[in-house]
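Working notes, structure below.
No value in this document is a laboratory result; all are computed from the given coordinates. Since we're looking at a predicted model, the values are computed, not measured. We place every Cβ from the backbone using ideal geometry, glycine too, and count neighbours over all the protein chains shown.
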Amino acid sequence: MSPMPVLTGLTPVSVPQGVPATITVNGRGFEANSVVIYNGMARPTTFVNGTTLQVSLTAADLQSFGSGQISVNNPGPGGSNTTPTELVIAASVPTILSISPSSFAVNTSSSVPVPISIYGSGFAANATVQANGTFVPVTSQNGTNITVSVPPTFFAAAGSIQLVVSNPGTPVVQSNAATVSVVTPTLSFSISPNYATAGSPDTTITVSGSGFFADSVVMWNNTVLATTYVSATQLTAVIPASLLSGFVQANIQVSTPETPGQTLPPQPFTTFLALPINDIVYNAVDGLIYASIAGSAGEGLGNTIAEIDPTSGVVMKTIFVGSEPTRMALSSDGTQLFVGLNGAGAVRQVNMTTGTAGIQFSLGGGPGVYNPPYTAQGLAVLPGQPNSVAVYGSNGIVTIFDSGVARAKTSTGLSVYFDQNSGSLSFGSSASTLYLNSQSTSANLYALNIDATGVTGATPLGNGGGNSIQYDNNRLYISSGAVLSASTGSQLGQFSTASTNGSPSAPVAAVGPVVSDSTLGRAWVVPSSLSYLTNANQIVAFDETTFNPVGSIPITGVGANFSNSYNNNVPADLIRWGQNGLAYRTASQLYVLQSSIVKDITTSPADLSVSIQAPATATTGTASSYTVQVANLGQNSADGVTLTTVLPASVIGGTYTSSQGTCSGDGVLYCSLGAIANGGSASVIISITPTVAGSLTMTGSVSSVSFDPVSSNNQANASTAVTGNVFNAAPNVTQISPSLIQAGSSTTTLTVDGTGFTSGSSILWNGQTLPTTFVSAGQMTAMVDSSLIQNLGWAQVSITTPAPGGGQSAGLPLHIYQLMNVPANVISFDPFTRKIYAALPSSSTAITGNSLVVIDPTTGSVGTPIQVGSEPNLLSETSDGNYLFIGLSGAKSLGRFNLLNQTMDVTVPILSTEFGNSGDVAATSIAAVPGTDSSVAVEFNSFYGIGIYDISGSTGAFRSKISQPYSGDSPVFVDATHFYAYDSYTSGAEFYRYSVDSTGVSLIDGTTLNGFGGFGGQFAVDGGLVFGSAGGIVNPSTTPPSQVAVLPLGNGESSIGLVGGGVVPYQAESKAFVIGVNYAGTAAYYLERFDTQHFTQEQQIQLPGGTVSGLPGIRFGQDGLAYVIPSTPTSNTPQIFLMRGPFVVPAEATSNPAPTLSSTDHSTIAVGSGNLYITVTGTGFLPGATVLWNGSPRTTTFVGNARLQVAIAAADLISAQTITLASQNPGSGNSNNLTVTIQ
C-alpha cells in the first residue's frame, strides 16, 4: 500500500516568468515513483528521499506570469494526490543594455533584411521585438540575447529605429527602447586639435562630423590610428609620440567599412617648434636653419642663435650672442652671420665656421632726450664681402660696417620718423646697389648706391609696402604682394587671393611674408590678413610669369600658443630651404615644410631603409647594445637624413655613438646623419639598461629631405627578452610644490615631480626621510611637519630609491620665508652689525611709530623702537657705518642717527630757496656722500632737483650748484665725486651722470636708455654696471653710457608681461633680482632671478601680497633678500619679507671645496679702532664666500677668487683678544685658520 502523500512547501515559492526553474517539493510520504503534477500535467520528477522531491519546469511552463498549481501523486494502491500548492510566477521586466550594430548607413537599394543583436536581461523565452512599433522576426533568443531580422525598408532613409522587447502575458511587459541610428554618411569632418608641438607625447585628437560608425577608424597618412567610437558624430584617436617627433605635415582621414569607396577631403595636421623666435635664415652650406631666439626662452636657449635641423626639428647647437637677438643676415658663402641685438642697441658678427660670436658694435643713439639706443631693423651682407654688412637702424639711417667699423658716408634724404623707423634691406646682383623697403612716415622704397666710402646716394622707387623685401632676377618682391622692377620700381604684377565671398572679381592682395625662387619660376606668400582671407593658414604658391596662384600648402595651429599680442599670431620671415622646403615663423613658432608645391623631387628618388640589430636576451641592470643601421637602397643620394629612435620607457638611457652626424635626445633619440650616398649606410650604436623583465621593443624610423617612394622600409623594430628582478632607475627631481613656505606654517603637503620614482622611493628633507606617498613614477607627495618650517631658512628636497639600482637624486631647495609684522616705510642693512634698520611711520600702532627699530634677520627679533622724529621715510648709511641719515618728511628735516651708540645725533631742517622755493622742504630721496659723515645728496622732488647738503653742528646748508628740474631722481653714488640719477617723472626718462665738488653738483651728461622705467624707475649700481628696475643693464663707464642688455621680465596673469618694480643686483655671482609687477587682473609681485651674463631668467617665485607699485629691496648677509610688502592677504599694513638660501646664492645647494686662506692686511688691530674693513687673501674663493670671525659669519664682499673684503664692527674690537679667522664657500666646510690680534 502507498502512503498518503502530504505537501508542506515549495522552494523557491516564486520564480521569474519565462525562465526554466527547478523546484524543490517538501512534505512526507513520498516514494520513488511519486510524480509532481504542475497545472494538472505530470512533470519529470526526481526522488530525493521520503520528504523531498525535485521537479524541472521549462520556460514554456512558466511563460505566463501569475501562478501555477503544484501537487504530488503517489500512483500505487492506497496512494492519492496532495492538495495543490501555489507557485508564484513573477513578471520579468526585460531590459536592453546594448545593441549591435547601433548605426547604419542609409541604403536605398538593398532588399536583404539586416540582422541586429539585442543584449540585456529578463528576456522571456517567447519574447517579441518591435521596430518603430512593428513586430520584426526573431531569429534566435535566450534570456540575455535576441537576434532580430529587420526589413531593408527601415534603412532607406536617415532617421532612427526604436527597438523594444516585450515579454508576453497579461499585461505584456515591455523593455526600455534602444535606438539604432540610420545616418547619411559624412561628407566632411573636423579635427581638434589639428596641430601639435614637435616632440609632443601621445596626443588625443577629437574628430567631429556625422555618419560615423562603431567600426570607423581615423588614419594618419593612410596609417590607422587607435580609434575610439564615441557617437555617430564623434570619434577620438591617439597619435603616438613617434609620429610627432619632428616637423610633420600629415593628412587625417576617416575610413568606414559601411561606406566603401567614399573618399572624404582629408584634414591637415601640422607640427611646429615652439620657441620665441625673432628671425630665421637658411645656410645652404650646412643645410641648417638658424633662428635668433629671444631672451624669454630662458636658460640655455635665450639670447642665442639656434642651429635647427629642418628635418628633425632638433636644436643642434646654440651660440650665445647677446641681449635680444633679432634681425639676421648671412653672407653668401655661409661663413659669417650678423645679428641685431635689440637689448644692447648693437649688431654682432658670428663666425659660422667656428660657431663663435665675434665683434659687437653699437648703432648709436642714447645722448639726449627721446633718443634710445638705435636697433637694427634691417641687415644685408654685402655680396662677396662676408665681413661687411649694411644696417638700417631704427633712426632711419643706413650704414655700412666693415668688421664693425662704420664707413664714413651714411644714407641721406630718406624719409625718417624720429627713432621709430622699420624696414628691410636686400642687395641687388652686386654690392653696389642696395634696396630698402622702409616704414617711417609712410611706406617708401629706395635704391641706394654703395661704394667703399659708404652710402653715396639714394633713388626713390615709389611706395613700398610691408616690412620685407627680396631681390631676385632684377625683380623686387615686397610683403604687400607687389612685384616690382628693380630698375625702375614700376609694378610688374600683384599676387592676390580670393575674397571671402569667393568672387573672382574681388581679389584680395596677398599681403604677408614672401619669398621668390626664380630658378623655379615661383614665389610663395603666407597671407597674414587672417581675419578675412578664405585661405588663411596656408602658404600660397604663385606663378611668377602669370602672377596666378598655382597651389597651396595648408598650415594648422598658427598662433596656437600666442600670449598677449596680436603680432604673436602673424607669420613672418618666409624662407626657402633645401630642394623643396619652405619655413616661416611667428613670434612663438617655427614651421618647416616640404611640398611638391615648391618643387617636384620625385624624379631623383632615394630609398632609405632602417634595421635594428638587437640582442635576443638581456638582464635587468646590465647594459645591452643595439645597432640601428640606415641604408640607402636607391639610385640617388639621400640628403638631410634623420634617424629617430624611440627608446622603451622601461630602460635607463646610456651612451650612443653614430658613424656620422650627431645625435641628441632622451627617451627619443634624434640623429642627424647628413647625406647618405646611394648604396651607402650609416649606423648608430645605442647602449641601454633594462629595468624590468619582459619583452623590450625598440623602434626606429628614418626620413630625409629627399623623395623616398618606398615607405614600407622606413620603420623597423626589434625585441629583446629581458629577465631578472626589477632594477630601479636613478630618481630625478624636476619640480617641487610649494617651493616657498611661510615660516610658522602648519603641516604642509609637499609634491615632488620628476622621473624614476618607485613605490619604494622616499622624499628626503635635508637627508631625513619624510612620510611619503607614491603617486606615480613621475610624482610623489610627503607631509612636512610644522616643526620643520618654523624658522627663516631653506631645506634641500631630494628623492632616494632603494637598490638594486636607484640612488639619491640631486636636490631642489625649498625656501622658508618670514613675514615680519613691522609696518616699515623703508629698510636698510648695516653690513657691520649685520642688522636691518626699519623706519616706522606715525600710523604704526603695534610698534611705536615715528621710530627706528633694529631687526636681527638671523633670529627674527625686533629691538625696542627708538624715537627719531616725524614721519621717517628715507634711510641712507654712511660708508664707514657710523651714521644713518633719516629723511623726516613730517618735519621737513634730515636726521642723523649714530649707529655706534644708537642715538639721534642731530636733526636739521632742510632749507632751500632754489627755483622759487622758500622755507623748509621734505626730501624725496637721499644718498650719503661716500667718505664723509656730514654730507648727503638730497632731492626735494623731480622739479626742484638734487643738491649736496652739508651738516655742520646743528645746522645744514646746500652747496651752491643744484641739478636742474627734471634732471634725475633717486641719486646713487659710485664714489665720493660721482653719482647717477634717473628721471622717473617725465616721458623723457633719461639716465644722468653727475660730478660732485665743493661747489655742488655738475651734470656730465644725460642719456636715454632702455629698461629703467617700471614703477618708480629705481636703479642700482653693482660691479661697475647700472641695473634698472625694468631690466635694463648699462655700462656707465663709456661716453655716452652704453646699453648692455635688457632683461626679459616674465609673464603674469593671462600671460601679460610684468612691469619692473625694483632691482637688487649681485654681480659677484652674475645675478640680478628683479621685481615683476602683474598689473592685469589680480595684482601680484614676482621675484625673478636673472643670469646677468646671458641675460636670461633662471627662476621666478611669487611673493605674498600684491599691489600695483614698486617694491625696492635690499640684500642682507651673504644670501638674504628683504622687501617691504605694502599689503598681504593677512595684513593691510606693510610687512617685511625676508628670505635666504640658494635662490639668492645658488652655489649653496651644491657641494663645493673649501677655500684656502693665506693672509690678511690686518693681522694686528688696535683696540677701539671702530668699524673696519679688512682684506683676506687666499685661493679658491667663490661668490657668496663668508669670512668667520671666531666662528661667527661677518658680512663679506667677494672681490675675486683670491680676495675677500670683510666688514668688522666696532663692537668686535672693544677689547684685546686673539681672533681666529676662517672662511667658507657656499656649500663647503671651513678653510684653514688665520690669526688676528686685537691689542
So between Asn1190 and Asn901, what do we pick up on full extension, going 0.36 nm a residue minus the alpha carbon distance? 101.7 nm
Burial ranking of peptide ranges 109-115, 98-104, 304-310, 544-550 (average Cβ count within 10 Å, highest at the top): 304-310, 98-104, 544-550, 109-115
Which value, in debye to the nearest 20, describes the size of the charge dipole of the chain about its Cα centre when Lys and Arg Cβ atoms bear +1, Asp and Glu Cβ atoms bear -1, and nothing else is charged? 1260 debye
Using Cα-Cα distances under 8 Å and only pairs 6 or more residues apart, what relative contact order does region 539-681 have, in percent? 15 percent
Rounded to the nearest Å, what's the spacing between the alpha carbon centres of region 1083-1105 and region 373-443? Just the number, please. 36 Å
Could you tell me which of rounded, prolate or oblate describes region 6-90, using a ≥ b ≥ c as the square roots of the eigenvalues of the alpha-carbon gyration tensor, with rounded for a/c under 1.5 and, failing that, prolate when a/b is larger than b/c and oblate otherwise? prolate
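By average Cβ neighbour count within 10 Å, what is the ranking of 374-384, 1211-1221 from highest down?
Top to bottom by mean Cβ count within 10 Å: 374-384, 1211-1221.
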With unit charges on the beta carbons (Lys and Arg positive, Asp and Glu negative) and the dipole taken about the Cα centre of the chain, which residue among Ala486, Ala810, Ser440 sits farthest to the positive side? Ala810
According to a simple spin-label model (label point 7 Å from Cα along Cα-to-Cβ), what is the distance in nm between Ser998 and Ser432? 6.7 nm
List the relative contact order of region 1106-1237 as a percent without decimals, with contacts defined as Cα pairs under 8 Å and 6+ residues apart. 24 percent
Dipole of region 279-467 (Lys/Arg Cβ +1, Asp/Glu Cβ -1, origin at the Cα centre): which of Phe320, Val381, Leu330 lies farthest to the positive side? Val381
For region 732-817, give the share of DSSP beta bridges that are antiparallel, in percent and rounded to the nearest 5; count only bridges with both residues there. 90 percent
Relative contact order (%) - criterion: Cα under 8 Å, at least six apart; region: the chain: 5 percent
Cβ-placed point charges (K, R +1; D, E -1), dipole of region 279-467 about Cα centre in debye, nearest 20: 340 debye
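Which length gain, in nm to one decimal place, applies between Ser664 and Ser776 when the Cα-Cα distance is subtracted from 0.36 nm times their residue separation?
Length gained, Ser664 through Ser776: 37.6 nm.
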For Trp794, net neighbour charge (Lys/Arg +1, Asp/Glu -1) across residues whose Cβ lies under 10 Å away: -1
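Taking every DSSP beta bridge that has both residues in the chain, what percent is antiparallel when rounded to the nearest 5?
Here the share of antiparallel DSSP bridges comes out near 95 percent.
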Please work out the Cα center distance from region 763-777 to region 802-816, rounded to the nearest Å. 9 Å
Under a straight-distance cross-link criterion of Cα-Cα below 14 Å, which aspartates and glutamates are reachable from Lys892, leaving out those fewer than 8 residues away in the same chain? Glu871, Asp920, Glu939
Nonlocal amide H pairs with Val72, under 5 Å, H built at 1.01 Å: Ile37, Thr82
Most exposed first by the Cβ proxy, i.e. fewest other Cβ within 10 Å, how do Val921, Val526 rank? Val921, Val526
Can you tell me how much longer the chain between Phe943 and Ala157 gets when fully stretched, taken as 0.36 nm per residue apart minus their C-alpha distance, in nm with one decimal? 274.5 nm
Dipole of the chain, positive end: most advanced residue of Met1, Thr699, Pro12 [Cβ charges, Cα centre]: Met1
For the pair Asn725/Ala284, report the inter-label distance in nm, with labels modelled 7 Å from Cα in the Cβ direction. 6.3 nm
Distance in Å, no decimals, from the C-alpha centre of region 179-221 to the one of region 674-752 is 29 Å
